[in-house]
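Note sheet for the following structure.
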Amino acid sequence: MVQIIDGKAISDEIKAELKNEIEELRQRGITPKLTTILVGDDPASASYVRMKGKACDRLGMLSDNIPLPESTSQSELLAQIEKLAHDPAVHGILVQLPLPKHINETIILNAIPPEKDVDGFHPINKGRLAAGEDTFVPCTPAGIQEMLVRSGHNPEGKHIVIVGRSQIVGMPLAQLLMHKKKGANATVTVCHTGTRDMGFFTRQADIIVAAMGRPETITGEMVRPGCVVIDVGSNRIDDPECEKGYRFVGDVHFESVSKKAAAISPVPGGVGPMTITMLMKNTVKAAGASHSG
Ligand code: NAP
């Protein structure tokens, strides 16, 4: 029987631990606070921002969202970030991506002070991760590492094949897992669109992480028996049989892969809940560090 790596259950476990840390901070007069900025009215982005706010509420953290119109200029957005940067009550600042085309994402992300960059996207934090220093690790890679360790599949000594090299998932995950540290120290291979024969690599993997944004692309014939598969993909596909007319599938063909794998994370209910929980964890860390003197 394949083991289903339940991201919801693991994230509940982490949230219970976080509650204790939040209580300790509260006794020191600190309540961790996350402020999100949402530019425009994209429904998916609005829903992600709401989910982040709700997650804060449930943990007894503070949160607020600053909604800005689509027409907001880059300098107006920078001014807003500057204000939050100087607000001692705000520990984490998150600008919801994607931004409207007239705003340069890199300039905006670089304006968030590294000590409030709970997404881990600032170049200083990226550099710290590459150097193996303590930092805010981007939430999805951090969540994947926790999932592997807590489900009994510690990456140490394993061959991990990551499919995708984005700045948000694949690249930081590769760095995180190859460091000579606990819960890491893996041999990492990264595949991308320039990889000639992806199956050649995935069939050699002890652990596969699929993060390419291509529905059900990793199939049973691309995995070796007994491997562990983490599906990061979240792809909306039309399905007239569903009430909403669509549903979400991962980058892994669950039916064929689950017949061969020893363990697999589902979509939904796998990496998704972990990502939000790691955002909470980073915000609590930022709050603790901000008052550590
Ligand atoms: P992205 O920025 O589009 O990057 C995709 C990566 O996959 C790129 O490196 C690309 O290669 C590679 N790729 C695409 N098609 C490929 C193919 N056919 N063969 C080999 N490599 C291929 O995507 P992302 O932001 O990393 O997100 C990936 C997926 O994860 C998406 O479905 C996204 O929705 C999901 N996601 C989920 C969460 C969550 O919390 N559940 C969080 C983040 C992302 P090149 O570099 O060569 O273009």
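Every number in this text was worked out from the coordinates using simple rules, so none of it is lab data. The structure displayed is predicted, hence computed values, not measured ones. Counting neighbours? That spans all protein chains shown, and the Cβs are built from the backbone with ideal geometry, glycine included.
Per-structure values
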quantity	calculated
Computed helical MRE - 222 nm, the chain, DSSP H runs ≥ 4 contributing -39500 (n - 2.57), nearest 500	-12000 deg cm²/dmol
Convex hull projection area averaged over all views, the chain, Cα basis, nm²	16.0
Loop sites in region 223-293: trypsin sites (Lys or Arg not before Pro), DSSP, at most 14 other Cβ within 10 Å	244, 259
Prolate/oblate/rounded label for region 139-271 (Cα gyration tensor, a/c 1.5)	prolate
Choice from 131, 174, 205 showing the highest fluctuation, given a GNM over the chain with Cα pairs closer than 10 Å	131
Tensor-based shape of region 57-129 (alpha-carbon gyration tensor, a/c under 1.5 rounded, otherwise prolate or oblate)	oblate
Under the Karplus curve 6.51 cos²θ - 1.76 cosθ + 1.60, θ = phi - 60°, whole-Hz ³J(HN,Hα) for region 184-195, x wherever Gly or Pro sits	9, 6, 9, 8, 10, 10, 10, 9, 7, 5, x, 6
Computed E for residue 256/residue 3 - FRET, C-beta separation, R0 22 angstrom, nearest 0.05	0.85
Under 5 Å, built H, 5+ apart or other chain: amide partners of residue 68	38, 39, 40
The chain - share of DSSP beta bridges that are antiparallel (%, nearest 5)	10
Cα-based shape type of region 1-82, given that a ≥ b ≥ c are square roots of the gyration tensor eigenvalues and the cut on a/c is 1.5	oblate
Between 0 and 90°, nearest 10: helix 43-58 axis offset from the chain longest Cα axis	70
Sparse-neighbour loop sites [trypsin sites (Lys or Arg not before Pro); region 1-68; at most 16 other C-beta within 10 Å; DSSP]	28
Coil-residue trypsin sites (Lys or Arg not before Pro) of region 67-144, DSSP, other Cβ within 10 Å capped at 10	101
Between 0 and 90°, nearest 10: helix 139-150 axis offset from the chain longest Cα axis	50
Over region 29-115, relative contact order from alpha-carbon pairs under 8 Å, at least 6 apart, %	40
Modelled FRET efficiency - R0 45 Å, residue 133 with residue 237, Cβ distances, 0.05 increments	0.65
Residue among 210, 16, 261 with the largest mean-square fluctuation in a Gaussian network model of the chain, springs linking Cα atoms under 10 Å	16
GNM top mover of 283, 135, 189 - the chain, alpha-carbon springs below 10 Å	189
